[in-house]
Structure formats: C-alpha cells, structure tokens
Amino acid sequence: MAAVGALNSPAGGVATDFRKPSATGRQMQKERVVLAPWWFLLPALAFYCVSVIGPSVVGVFSAFTNWDGFSRQSHFVGLKNFFHILSDPSAAAAFRQTLILAVAVTVLQNVVGLLLALGVNSGVRSHRPLRVILFAPAVVAPVMVAYLWKYILAPDGALDSILALVAPASWQLNWLGSTDLALWCVVAVIVWQMSGLSMVIFLAGLEGISKEVLEAADLDGAGAFRKFFSVTLPMLRPAVMVTTTLTLIGGLKQFDTVWAMTSGGPADSTQTLSTVIFQNAFSFGYFSYSIAIAVVLTVLASPISWLQYRLAHRERDE
Amino acid sequence: MKRYTWRIGVIEIVMLAVSLVFIVPVYVLVNLSIRRLGDPLSPLVPTLHATWENYARAWTEGRLGWALINSAMVTGASVVLLIGISSLAAYVLARVASGWSRLAYIFLIVGLLIPIQLGFIPLYRMFLSLHLLSLWALVIFYAGLQVPFSVFLYAAFIRALPRDYEEAAALDGCGPLRAFWSVVFPLLSPVTASIAIINVIVIWNDFMTPLLYLSGGRQQTVPVAVFGFVGQYTSQWSVVFAALVIGMAPVLALFFALQGRVMKGFTAGVKG
C-alpha cells in the first residue's frame, strides 16, 4: 500500500526506482498492482450485486417460501413450490414446449444459418447486399418482428392471401389459432429473425478455413459434398458449438416473441417457462411459485451457459 | 478469387430467391403502413394512394415520440455507464494476478450463467418498495445485468495488450485513474465499439423488463409502447404497421450506417 501513495505523488515512480534498484522484476510487479488499484472494481461490483447477485440470492431463497410478493411475512414451505410444478398442467406444458422450442430453433437456425453462409460465401457477386439483408432482422426488437408475423399469419392475413393465389383453399389455415401449429409458427418466426446471426458467425468461421486445405482437397479429386463433409464442416466445429449454445440458451429463455405473438395460447399450447413465470407472478400473484419455476429454468440453462463461456474462453487462449 | 462458373450463377439465383423470404415481409410492412384503412387490396399490391395518416395516429396515440426519447435516454445512459464501470473493472481483473482478483473475476462470470428470470421478480419488488420504478431503475438494472458480459470481453482484450504504455504513464507520475483514462482506455476502442454496439441493440430491444418496470403513460420504451399500442388496435393493422416502422427505424438506421462494424461486433461478442 505504501507504493500506492508513492506513485500518486508526481515523482513517485522515480523515487521507488532509487529505493530498490536491484529488484526490477518485483518492482514492475508492484507497479502493475498500483496502476490497477482494487477500487477500480467497486462500481462494477456494486451495480452487479444490486441487479444480479442480490436479487438472485433472494430469489433462490424465496422459492422455498410462500411469499406472495407483497406482504412482509413469508414462511418456509420447503419443496412445496417445486412439487406444485409437477402437478401444474400449464407448467408441465411450458416445460415440454420450452424444450421443443429450444431444440427446434437450435437445429433449424443452425442449418438455415449454415446454408445461408455457404451460399453467401460461394463466390456470388451479391454477397455484400445479401449479408446485410439476411442479418438485418436480427437487430430489430423481437416484439416488432413478432407483430409483423402475427399479421402475416392472421386469418385473412398476408400469407393466406398469397396462398389463395397459388394453392387450394385448404392450405389457408388458422396458423396461430391452432394448438398444433402455433408453437411451430413461433419457431419459424424466431428462425426467420435470427438465422442471419448464425450465418454471420458461420461466415467468420468460413473465413478461417485456409484456401490451401480446400485446394489440396480439390487436387485429391474431392467433390463438393466430400469437401464439405470432410474439410469445411469439421473446421467449422467451433462456430457450430458457439451458435448451438447461443440458440439453446435463447430458446430456453424465450419470452418476447411468444408473448407478442400468442401470449402462451391458444390453450397453453405456446407457453414457455418464461411466459408462465411472468403470468404466475404478475397475473396470478404467485410470486414464490413463479420463482421456483425460474430456479428450474436456471438449472436447465446454466450448464449450457457455462459451456458457452468455456468455448469462448478456449478460443481466446488459442 | 474463384472463377464465376455456371454453378455459382445458379447459387446466386437461389440466394436472391431466398432473400425474397426476408424482403417480402418488410415490403408488406411498409406497403400496408401507408395504406388507407379499409382498403381491401392484397397486401402485395403496391399502395398507389399513399397516406401518412397512419403514421400520425401511431405517433400521437402510441406516444411514440416519448417512447423514442425514453429509449434513447435509457440506452445511452446504460451503455455509457456500462462502458465506464466494465472497462475499469476488467482492467484490474486482467492486470492483477493475485487471488482476490481471480475470485472477483469468477464472481462476475457467474453472472453469465444466471438467467434474468431468477432475480427479476425480487428486484422488481425492491424497486417498487423504494419507489424507484422508473427509467432510472432500468438504467441501474441494465448496467448491472450487462457487466459480466462486458467485463469478459474487455478482460480478454486487455490481457492481449502490451503493458509498456501504462508503465510509461506510471513513470510519468500519472495517478491510476488518469493513467487509465488517458492511456489505457483509448487503446481499448476496438473492443469498446463492439461492446457498445451489442449493448445498444440488446438494451434498445429489451421488452420483458420495461414491460414490467415501467408503469405506462409517458414512461415507456419503444418496444413496450408498441406492445401497448398493438393491444388497442389489433384490427387496424395499417396503423399498427406504421408504429412498427417507426419503432424499427432507429435501430435499422444504425445497422445500415455501420453494417460491417455491427456484424463484426456480434461475432466478437458471441465468440468472446
């Protein structure tokens, strides 16, 4: 700590140099500590504790109580809230649909994103405008995209009026009003909006594949498919892992698109964990119960987030 | 550069067809937003007699002017705050190798694993009981929420940065804050740009938090204002679409102005 004071004074650095002329290595070490004092951390830690750690700790505790969100008193009820999840049909539906949605979005968004990236990267002249157009939906608020598609999919909406021109009348469906179709419509809208993001990540991965390897494959007489599966795809593995974890987490937490398109309906057929959390807390007033569902969501999503962090970390080190 | 073969020509045609899947919905959006209410034409037929009335109604009845100001304020304040606190914290975490620094880093990174749904309701209660539920609550919330991600990106960048400049600054007798601000921070500008872009888009587009934390009226951000507005006008899609165009315009304008930068920012952001 003495060094802190010394360095704060104008001639501090020089003064310490005179004191320990032989221990340059250690001196450097000390100076680094001084340049980055511990209190630089405080503002970030304060905001982080107030908005993330504190509330999350309170949350985990209150999941084991019967807190209604308003009264000062609450009692410890053990695992009651968690058992209630098992007997709550809309939570069970939300759980199942969240998994379906997360997996479906992950698979489709990756496949579509990869195909788009390969197309854009294939030497087409329009690759620049294509990249911009395909990525643009990803920067818009999901709520807005959801409303655009809500209209397109509405009865007598744009899709039905286009289908009326090219297909038999039986193709015009009540897309969002059907318990069988609504969830898949939501999946399709998310994929439509976010494939561009996966595409951009894949494009960055494709840039990293050296031309020599691909030319060597050419010389060995490999066809386009062989080249893709034996060279391109294995080398894209890091990009695949990144977009897979990203979309899985996003899918598990999905709220905006669902809430704007269907609010969980019809008949709970598009409820996700996030929408039932929101409804239980703010429509029904079951605070501790909704937080218990949030704990379940955390348990599902955290390992994948951890994997994503590890992947990002490893890439940095390489 | 590859030769332009007939195969690439076929791919080009296919890709342009695919891009229609992205262009047509946006065309329908703009096309209907300038159409008079009750016009029965197909959404694909160009609107010849355009009207601005839908925009006028969306603007005044949806209070979109206020919403845009609020969103800009919340986003701007959050991102500036976030960049300040995260770069400072990341600098310590990247430069100090001792135990407490590592512990603090792990403590912050844990935040990447916690979904906001967990703390979201207790935090709402806290702001409510402190009578802080306002745009400022959002700024505090976003600044804290995005710290782990921003610190992570900053720390990774700073670790790869040579220390020579900072040490020279220290020898010149700068205080730590001054040395950081005038020597280190300018060197971080590439990663600052990525962090700023991602956070601007994430915060501007956020829906769940302001839906809950803001009471309505003038206190709304753009996504929430549009949400409330659509609830009232579901049968009048032309007016709704005008609101959507207004709501989408700022972020799309930002994207088109900075295209490559934004896409690079996102790639850097997800890869760490």
* Structure fact -> Going through region B:211-222 in order, the residues found to be within 11 Å of chain A (Cβ to nearest Cβ) and modelled with pLDDT under 90 are B:LEU211, B:LEU212
* Asked: Which condition breaks for A:ALA260 when tested against (1) touching a residue at least 60 places away in the same chain (Cβ under 8 Å); (2) out of contact with any Lys or Arg (no Cβ under 9 Å at 6 or more places or on another chain); (3) closer than 26 Å to B:LEU118 by Cα; (4) in a helix (DSSP H, G or I)?
  -> (2)
* Asked: List the pairs whose first member sits in region A:176-191 and is touching a residue at least 24 places away in the same chain (Cβ under 8 Å) and within 16 Å of A:PRO155 (Cα to Cα), whose second member is assigned to a helix (DSSP H, G or I) and of a type in the set (Lys, Arg), and whose Cβ atoms are under 9 Å apart, counting only residues at least 6 apart or on separate chains?
  -> A:LEU176/A:LYS150
* Filter result (without any contact (Cβ under 8 Å) to a residue 12 or more places away in the chain, among the small types (Gly, Ala, Ser) and surrounded by fewer than 18 Cβ atoms within 10 Å (Cβ to Cβ)) within region A:73-120 -> A:SER87, A:ALA92
* Qualifying positions in region A:267-318 - within 23 Å of B:SER150 (Cβ to Cβ) and in contact with a Leu (Cβ under 8 Å, 6 or more places away or on another chain) -> A:THR298, A:ALA301, A:SER302, A:ILE304, A:SER305, A:TRP306, A:GLN308, A:TYR309
* Using the structure shown, decide if B:THR60 is at pLDDT 85 or above and surrounded by fewer than 18 Cβ atoms within 10 Å (Cβ to Cβ). => yes
* To do: May I ask you to list the residues in region B:192-205 that are within 12 Å of B:TYR154 (Cβ to Cβ) and within 12 Å of another protein chain (Cβ to nearest Cβ)?
  => none
* Conditions: (1) facing chain B (nearest Cβ under 7 Å); (2) within 30 Å of B:LEU130 (Cβ to Cβ). A:PRO37 meets all but one. Number of the miss? -> (2)
* Take region B:91-145 and flag every residue that is among the aliphatic types (A, V, I, L, M), within 20 Å of the chain's Cα centre (by Cα) and buried (at least 24 other Cβ atoms within 10 Å of the Cβ). => B:LEU138, B:ALA143, B:LEU145
* Single unsatisfied condition, A:MET261 versus (1) hydrophobic (A, V, I, L, M, F, W, C); (2) within 15 Å of A:ALA91 (Cα to Cα); (3) more than 18 Å from the chain's Cα centre (by Cα) -> (2)
* Looking at this structure, is A:ALA146 in contact with a helix residue (DSSP H, G or I) (Cβ under 6 Å, 6 or more places away or on another chain) and within 14 Å of chain B (Cβ to nearest Cβ)? -> yes
* Kindly provide the set of residues from region B:223-247 that are more than 7 Å from chain A (Cβ to nearest Cβ) and not small (Gly, Ala, Ser), ordered by number. => B:VAL224, B:PHE229, B:GLN232, B:TYR233, B:THR234, B:GLN236, B:VAL239, B:PHE241, B:VAL245, B:ILE246
* Restricting attention to helices (runs of 4 or more DSSP H) lying wholly within region B:162-272, give those where 1 or more residues are in the same structural domain as B:ALA77 (by TED's automatic domain parsing) and under 14 Å from the mean Cα position of the chain (by Cα). => B:189-205, B:208-213, B:222-232, B:237-271
* So which pairs qualify, if the first residue must be in region A:267-290 and buried (at least 22 other Cβ atoms within 10 Å of the Cβ), the second must be among the aromatic types (Phe, Trp, Tyr) and not in a helix (DSSP H, G or I), the Cβ gap must be under 6 Å, and the two must be at least 6 apart or on different chains? -> A:SER274/A:PHE255; A:ASN280/A:TYR286; A:PHE287/A:TRP67; A:SER288/A:TRP67
* Structure fact -> Among (1) more than 7 Å from chain B (Cβ to nearest Cβ); (2) more than 23 Å from B:LEU118 (Cα to Cα); (3) part of a helix (DSSP H, G or I), A:ALA267 falls short only on (3)
* **Condition met for A:GLY119 (at positive phi and modelled with pLDDT under 95)** => no
* To do: Please determine, by comparing only the residues of region A:270-303 that are within 11 Å of chain B (Cβ to nearest Cβ), over 19 Å from A:LYS80 (Cα atoms) and over 17 Å from the mean Cα position of the chain (by Cα), which one is modelled with the highest pLDDT.
  => A:PHE278
* Asked: Among the residues of region A:216-231, is there at least one that is more than 18 Å from the chain's Cα centre (by Cα) and closer than 23 Å to B:LEU214 by Cβ?
  -> no
* Residues that are more than 14 Å from chain B (Cβ to nearest Cβ) and out of contact with any helix residue (DSSP H, G or I) (no Cβ under 6 Å at 6 or more places or on another chain), drawn from region A:214-252 -> A:ALA216, A:LEU219, A:ASP220, A:GLY221, A:ALA222, A:ARG226, A:PHE229, A:SER230, A:THR232, A:LEU233, A:PRO234, A:MET235
* Asked: Say we look at region B:255-267 and pick out the residues that are of a type in the set (A, V, I, L, M) and buried (at least 17 other Cβ atoms within 10 Å of the Cβ); which of these is nearest to the other protein chains (Cβ to nearest Cβ)?
  -> B:MET263
* Could you tell me whether any residue of region A:237-253 is over 30 Å from A:GLY119 (Cα atoms) and at pLDDT below 90? => no
* Asked: So, of the residues in region A:154-177 that are outside any helix (DSSP H, G or I) and at pLDDT below 85, which turns out to be surrounded by the most Cβ atoms within 10 Å (Cβ to Cβ)?
  -> A:GLY157
* **Options B:ALA97, B:ALA89: the member that is of a type outside the set (D, E, K, R) and modelled with pLDDT of 90 or more** => B:ALA89
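The values are calculated or read from the model by the stated rules, or taken from the named source; none is laboratory data. Fair warning: this is a prediction, and the values are worked out from it, not measured in the lab. With ideal geometry, Cβ positions are generated from the backbone for all residues, glycine too; neighbour counts draw on all protein chains shown.
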